[in-house]
Structure formats: C-alpha cells, structure tokens
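Just below is one structure, and these are the notes that go with it.
Derivation of every value follows stated rules applied to the coordinates shown; laboratory data play no part. The structure presented is a predicted model; accordingly, all values stated were derived computationally and were not measured. All Cβ positions, even for glycine, are placed from backbone atoms using ideal geometry, and neighbour counts span all protein chains on display.
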Amino acid sequence: MSLLTVNQEKCERDGICAEVCPAAIIEFKDKDAFPTLVHGGDKLCIKCGHCVAVCPHGAMSHVIMKPEECPPVKEDWLFGPEQVEHFMRYRRSIRNYKKKQVEQEVLTKLINVARFAPSGHNRQPVKWLVINERDEVQRMAGFVIDWMRHLIKEDSPLVAAMNLNRVVAFWEGGNDPICRNAPHIIITYAHKDDGTAPTACTIALTYLELAASSFDLGACWAGYFNAAATFWPPMQKELGFPEGNISFGAMMVGYPKFKYQRLPLRKDAAIIWR
Ligand SMILES: Cc1cc2nc3c(=O)[nH]c(=O)nc-3n(C[C@H](O)[C@H](O)[C@H](O)COP(=O)(O)O)c2cc1C
C-alpha cells in the first residue's frame, strides 16, 4: 500500500504539501501531475502528518493519518499574544497539594495533551511512568534521601551544590522536600541510546506542566527525584523501567492547596542581536 493517497477530485495541485514536507519527499513530476512520493520516500517519511494537516482541500491522506481522523483547526479557539503571555506567566511551580488523589482518567487526559509535544525527527520516544499512590511516592522519596545520604557520606561536591545537608535535615524533621507531599509523580522515560529522548522528554513534561492548570491541577518539576532516578541504582531498580530505558524527567502533580493571585517578575531577557 502506498504511503500517500491523493484524492484527485479534491487536489488542486497547489504544491503546498511538497513545500511543507520536512523530508522533501513529495514531488510533482510535471505541471499537470498530482503529488507523488520520490523514489525511496516511504523510508524517509517521518510521519509528521504535515502534508495531511496543511492541505486546504482535504485531498491528501497518509497511510497512518487520514484527513477525517485529524481534527480541524478551530480558529476562534486560538489565543492572541496577550492571552498567551498571561497563560504562560500564570504557570507556577506548585509545592503545596491537597490530600486528594487525582482520578486516573484526568491524569490520562493530561498525558494525552503532553504527548503532542514536538520531538526530533518526530520520533516520539517519550514513555510515561505514573507513580499513582501517595504512599508509593513517599517510599520513592525515601530512596532519593538514601542517595543524598550516600553523597554526604562520600563527601560529594553535589552536597554543597544542592544543599543536601539541609534537604536531608528537612526530611528528618518530618517534611517532604523531595516530592512536596504530592499525590502523584509523573516520569518521562525512554531508551538510553535515543539521542532525541532527553529533549523530547523535557518538552513533553513542559507541555504537561503548562496544561495542568486547565485541569485545575498543579505541577512542579521534581529535580531531586529525577537526579536520584538517573544516578542511584537502587532507585532505578525500584522504578523498574524496561531494559535499556532510563528516566529523563519527573514532575509532581496534584490539586493545588493555594491559588496564586499575581504574576511574579523575572530577569529581563538577555538577547544578542546580530
Ligand atoms: C529542571 C527543574 C528542576 C526543578 N526541580 C525542583 C525540585 O526538585 N523541587 C522544587 O520544589 N522545585 C523544582 N523546580 C522548580 C523551580 O524551582 C521553579 O521553576 C523556579 O523557582 C521558578 O518558579 P516558577 O516555576 O513558579 O516560575 C525545578 C525546575 C526545573 C526547571
């Protein structure tokens, strides 16, 4: 079966599909021809769906993506720059959570927004691990503390860099500086040899953090958690990723206890114009 099917009744031969194709694998053999794949194009296609999504006539169909399966863009749902700025600046790292589980259905919807994040070559390497029970989150936080105690014993330079003595003392005082008593931790993981994975996992969690507030959820990067998941073998064993896979990011998620009233300030952008 061919990778692309062109509905010749709808196709206007405007060439847009070929212009947007990132792999340059769509060609028009002559001015009256319909678009076709270049020789060997099926192996070069990155399955991004741009040819289907850009066609104003709904004429292009990909073997894994028919136009009728791709939702139409709702122009009136798109934000203007002021709304986007407000939305992006409204995102906060949430460190205080209600003692309430988030329904699995809601977490699934949140991940289903985040999975549309971009990835190099559209490889979509990101996989998800959800630590779903608060007790299990706390147990995992205990592994992070074990790692920190190990670093303190070894006199690691990370102790000063990450204030680990203070973090451990805080934990020993009955607080949770690792997961902030969040009911859930969402981890992105992927195969360790996939060069696109670190960036893709970071962007996917960035999407997830931004999307969280639309579900009335709060989120916060779990940097200590991810560092231990990356460097502490006992924790990796507990997380139990499939062979060859490692963690590339972790995020706390839960219902926020407080509502922020203002947008805090940040440094001015340092920009070099050339
Ligand atoms: C990679 C990364 C790791 C982070 N790790 C933690 C963490 O382990 N615990 C925490 O409370 N906040 C963590 N944060 C949140 C930052 O402290 C926060 O983004 C920063 O203070 C700015 O606040 P804002 O996100 O509300 O704008 C992390 C942020 C990033 C980007």
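Points worth noting:
- Candidate aspartates and glutamates - alpha carbon under 16 Å from Lys257, same-chain residues fewer than 8 apart omitted: Asp176, Asp216
- Alpha-carbon centroids, region 51-81 and region 194-211: separation in whole Å: 24 Å
- In region 4-69, the inverse of the mean reciprocal separation of distinct Cα atoms equals 11.7 Å; this is its Kirkwood hydrodynamic radius.
- Taking each DSSP H run with n ≥ 4 as -39500 (n - 2.57) and averaging over every residue of the chain yields -10500 deg cm²/dmol at 222 nm.
- Rounded to the nearest 0.05, the FRET efficiency derived from the C-beta distance between Ser156 and Met88 at R0 = 22 Å is 0.05.
- With pairing defined as another cysteine C-beta under 4.7 Å, the cysteines of the chain that fail it are Cys11, Cys21, Cys45, Cys48, Cys55, Cys70, Cys179, Cys201, Cys220.
- Cα→Cβ-extended label distance, 7 Å offset, between Asn163 and Asp193, nm: 4.1 nm
- Over the Cα atoms of the chain, the radius of gyration divided by the Kirkwood radius equals 1.07; this is the Rg/Rh ratio.
- Springs join every pair of Cα atoms under 10 Å in this Gaussian network model of the chain, and among Ala227, Ala250, Ala33 the largest mean-square fluctuation is at Ala33.
- Once both labels are positioned 7 Å from their Cα atoms along Cα-to-Cβ, the gap between Leu37 and Glu68 label points is 2.3 nm.
- Between Asn96 and Trp77, the simple spin-label model (points 7 angstrom out along Cα→Cβ) gives 3.4 nm.
- For region 79-169, the convex hull drawn through the C-alpha positions has a volume of 204 cubic angstrom per residue.
- Amide H partners (placed H, <5 Å) of Gly254, local residues excluded: Gly218
- Packing-based ranking, highest mean first, of 128-139, 172-183 given that Cβ atoms within 10 Å are counted: 172-183, 128-139
- Mean silhouette area of region 49-107, derived from the convex hull of its C-alpha atoms and averaged over all directions, reads 7.3 nm².
- Cut-off under 5 Å, modelled amide H: who pairs with Ile26 long-range: Val38
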